[in-house]
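For reference, the structure discussed in these notes is given below.
The values are calculated or read from the model by the stated rules, or taken from the named source; none is laboratory data. What you are looking at is a predicted structure, and each value in this text was computed from that prediction instead of being measured. Virtual Cβ from ideal backbone geometry, glycine too; neighbours counted across all protein chains shown. Just the protein is used for accessible areas: all its heavy atoms, side chains included, with ligands, DNA and RNA removed. Shrake-Rupley method; radii C 1.70, N 1.55, O 1.52, S 1.80 Å.
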Amino acid sequence: QVLSDVFNAPVFTIDTANSACLGSAYRAIHGLVAERNVPLADVVKLAPEPRLAVTPTPGAQELYHPLLKRYAELEQKVIYNPASSC
């Protein structure tokens, strides 16, 4: 639920062990075929059917949107000046 609320997006799951690893593998394959303009949808067309797990909680975006902006700012600060303290 937290991921759905933070990113204001529905979360889908698939019925398989280590689904996060499987998702990473699909993204890696997509990266390998990117120069041939293969869409991600084509890469995952044989994946198990996803199931809607949760949807965003109404109003959560108002709480998390400013926090995501702050997180992005801090992340940039660390990337471009890792010696600085946040």
Tell me, please, whether a residue that is open to solvent by 70 Å² or more (accessible area, probe 1.4 Å), polar (S, T, N, Q) and over 18 Å from Pro10 (Cα atoms) can be found in region 57-79. yes
Taking region 23-59 and keeping residues modelled with pLDDT of 90 or more, assigned to a helix (DSSP H, G or I) and either among the charged types (D, E, K, R) or in contact with a Lys or Arg (Cβ under 6 Å, 6 or more places away or on another chain) (or both) leaves Arg27, Arg36, Asp42
#### Entry: Qualifying residue in region 37-58 (condition: free of Cβ contacts under 8 Å to residues at least 24 places away in the same chain and closer than 22 Å to Gln1 by Cβ)
yes
For region 23-54, the count of residues that are open to solvent by 60 Å² or more (accessible area, probe 1.4 Å) and either in contact with a Pro (Cβ under 8 Å, 6 or more places away or on another chain) or small (Gly, Ala, Ser) (or both) equals 3
By residue number, the members of region 3-22 that are in contact with a Pro (Cβ under 6 Å, 6 or more places away or on another chain), open to solvent by 50 Å² or more (accessible area, probe 1.4 Å) and either assigned to a helix (DSSP H, G or I) or modelled with pLDDT of 90 or more (or both) are Asn8, Phe12
